[in-house]
């Protein structure tokens, strides 16, 4: 397996990552707490229109010197991480982890952790003090970030919240 910087033309390949998952429970954010509730979803791929909506945002991030890395197995993209280059937050000390996905067949083997650690390292190099994550509210996704040491964001970004109000907005304090 190889992890490397993506070329601009490869950004469109992010949508080839197998996002399939059966979700039995999701988190909601109520009164400053995470609440887990039963909710069944059989996710078979990317939601209709998501590549069209988010593809241009990822290309824009790439063009502004965002960090876009992919994990490859035999030349096939199996996971990816995109780190925004624009600082956000009241103190302008946060970078958004814009995208982190691992293909279904490769989950549970540490690839997501490696991509997350790469994002932390790159954010630290850019001078960020925190990562900002707008996480899909599925139990597995939120638990992945909580195990990494993420917590509910104190300073929720209004623009990102408006874009994804159902997401769980988290932050990760980057060790110095």
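Listing for the model above:
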item: Only listed residue being surrounded by 14 or more Cβ atoms within 10 Å (Cβ to Cβ) and more than 15 Å from the chain's Cα centre (by Cα), chosen from 95, 77, 83; result: 77
item: Among the candidates 24, 10, 5, 33, residue that is exposed (fewer than 11 other Cβ atoms within 10 Å of the Cβ) and modelled with pLDDT of 95 or more; result: 5
item: Near pairs, Cβ below 8 angstrom, 6+ apart or cross-chain, from region 135-164 (over 17 Å from residue 32 (Cβ atoms)) to any residue that is exposed (fewer than 15 other Cβ atoms within 10 Å of the Cβ) and modelled with pLDDT under 95; result: 138/41
item: Selected residue [under 21 Å from residue 160 (Cα atoms) and surrounded by fewer than 19 Cβ atoms within 10 Å (Cβ to Cβ)] from 44, 90; result: 90
item: Test set (1) out of contact with any helix residue (DSSP H, G or I) (no Cβ under 8 Å at 6 or more places or on another chain); (2) part of a strand (DSSP E or B); (3) under 29 Å from residue 158 (Cβ atoms) - residue 4 fails condition number; result: (3)
item: Residue match in region 121-129 (condition: under 14 Å from the mean Cα position of the chain (by Cα), crowded, with 22+ Cβ neighbours inside 10 Å and under 19 Å from residue 27 (Cα atoms)); result: no
item: Among (1) without any contact (Cβ under 8 Å) to a residue 40 or more places away in the chain; (2) assigned to a strand (DSSP E or B) - the single one residue 131 does not satisfy; result: (1)
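The values are calculated or read from the model by the stated rules, or taken from the named source; none is laboratory data. As the structure is a prediction and not an experimental result, all values here were calculated from the model. As a convention, Cβ positions derive from the backbone with ideal geometry for all residues, glycine included, and neighbour counts pool all protein chains shown.
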